[in-house]
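Worksheet for the structure shown next.
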Amino acid sequence: MAQLTVLQEPDPRLRLPTVDVEQFDQDIAEHLENMLETMYAHDGVGLAAPQVNLRQRLVVMDVGDGPIKLVNPTITEQSEDRSVTKEGCLSVPEYQARVRRCSDVRVRYYDETGANHERTFSGLAATCIQHEIDHLHGILFIDHLSSFERSLVRKKLKKVAKSG
């Protein structure tokens with residue numbers, strides 16, 4: 001296994017579209033393991049492939065119930081109930097903001113072997129999976145903020161990059 005480099009905003013590769021995984025092979029299994037190792041090394045709870053410069057629809061997460069590997073995840077149902085949760089992101093360092101998302105979501109996905117699954121996520125897991133699926137579409141959590149808040153984030157990120 002290997003730790004991967006996490007891209008950081010404003011890297012344009014974070015905004016590129018991803019493609020469905022069509023072949024479930026050793027490369028996919030290795031990507032998922034490397035993503036988990038990277039996520040744990042950075043104390044994250046979720047990581048999507050675009051964050052480590054992979055163009056595939058891959059997500060890993062662990063919100064305390066053990067690791068989950070999702071290939072080609074798609075939200076099939078979402079609750080009308082919404083919750084506001086403070087989110088952070090490995091690609092947006094040193095910044096957190098409150099984001100409004102669905103309280104519960106049902107997700108269809110494959111595991112690394114190609115087996116099909118469908119599962120309902122609630123609470124932190126629901127927030128996490130929505131956040132990570134957004135990454136697969138080139139969306140960062142800061143895109144859910146007002147334009148004023150986004151401009152403050154970008155200024156802060158520039159300051160962090162200069163001091164780093």
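Is it the case that some residue within segment 19-31 is over 18 Å from Q130 (Cβ atoms), within 15 Å of the chain's Cα centre (by Cα), among the acidic types (D, E) and loosely packed, with under 14 Cβ neighbours inside 10 Å?
Within segment 19-31, not a single residue is over 18 Å from Q130 (Cβ atoms), within 15 Å of the chain's Cα centre (by Cα), among the acidic types (D, E) and loosely packed, with under 14 Cβ neighbours inside 10 Å.
With in contact (Cβ under 8 Å) with a residue 60 or more places away in the chain, in contact with a Leu (Cβ under 8 Å, 6 or more places away or on another chain) and either closer than 17 Å to L140 by Cβ or of a type in the set (A, V, I, L, M, F, W, C) (or both) as the only criterion, which of V52, V99, V63 stands out? Walk me through how you get there before you give the answer.
On the way: V52 fails: in contact (Cβ under 8 Å) with a residue 60 or more places away in the chain; V99 fails: in contact (Cβ under 8 Å) with a residue 60 or more places away in the chain.
Answer to the selection: V63.
To keep it simple, each residue is scored yes or no on (1) surrounded by fewer than 16 Cβ atoms within 10 Å (Cβ to Cβ); (2) under 14 Å from the mean Cα position of the chain (by Cα).
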site: I68; (1), (2): no, yes
site: Q78; (1), (2): no, no
site: R108; (1), (2): yes, no
site: S122; (1), (2): yes, no
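If you check every pair at least six apart or on different chains, which have Cβ atoms under 8 Å apart with a residue in segment 23-35 that is closer than 17 Å to Q51 by Cα first and a residue that is surrounded by fewer than 16 Cβ atoms within 10 Å (Cβ to Cβ) and polar (S, T, N, Q) second?
N34/Q3
Name the one entry in R98, R15, R82 that is of a type outside the set (A, V, I, L, M), in contact with a Gly (Cβ under 7 Å, 6 or more places away or on another chain) and farther than 23 Å from N116 by Cα.
Values: R98 fails: in contact with a Gly (Cβ under 7 Å, 6 or more places away or on another chain); R82 fails: in contact with a Gly (Cβ under 7 Å, 6 or more places away or on another chain).
R15 is the lone residue from the list that is of a type outside the set (A, V, I, L, M), in contact with a Gly (Cβ under 7 Å, 6 or more places away or on another chain) and farther than 23 Å from N116 by Cα.
If you go through segment 115-153, how many residues are in a helix (DSSP H, G or I), touching a strand residue (DSSP E or B) at 6+ places or on another chain (Cβ under 7 Å) and closer than 15 Å to L47 by Cβ? Walk me through it before giving the result.
First, pick out the residues of segment 115-153 that are in a helix (DSSP H, G or I): 123-136, 141-144, 147-153.
Keeping just the survivors that are touching a strand residue (DSSP E or B) at 6+ places or on another chain (Cβ under 7 Å) gives 126-133, 135-136, 141-142, 144, 149, 153.
Subsequent filtering for residues that are closer than 15 Å to L47 by Cβ retains 127-133, 135-136, 141.
The number of residues fulfilling the criteria is 10.
Which of the strands (runs of 3 or more DSSP E) contained wholly in segment 1-110 include at least 1 residues that are within 21 Å of E149 (Cβ to Cβ)? Walk me through how you get there before you give the answer.
Working: elements: 46-48, 58-61, 68-78, 82-89, 92-102, 104-110.
Filter on segment 1-110 gives 82-89, 92-102.
Please find, among L58, L7, L90, the residue that is of a type outside the set (D, E) and in contact with a Pro (Cβ under 8 Å, 6 or more places away or on another chain).
Numbers: L58 fails: in contact with a Pro (Cβ under 8 Å, 6 or more places away or on another chain); L90 fails: in contact with a Pro (Cβ under 8 Å, 6 or more places away or on another chain).
So the residue among L58, L7, L90 that is of a type outside the set (D, E) and in contact with a Pro (Cβ under 8 Å, 6 or more places away or on another chain) is L7.
FYI, it's all coordinate maths here, none of it is from the lab. Being a predicted model, the structure only gives us computed values, none of them experimental. Neighbour counts are summed over all protein chains in view; Cβ atoms, including those assigned to glycine, are modelled from backbone coordinates with ideal geometry.
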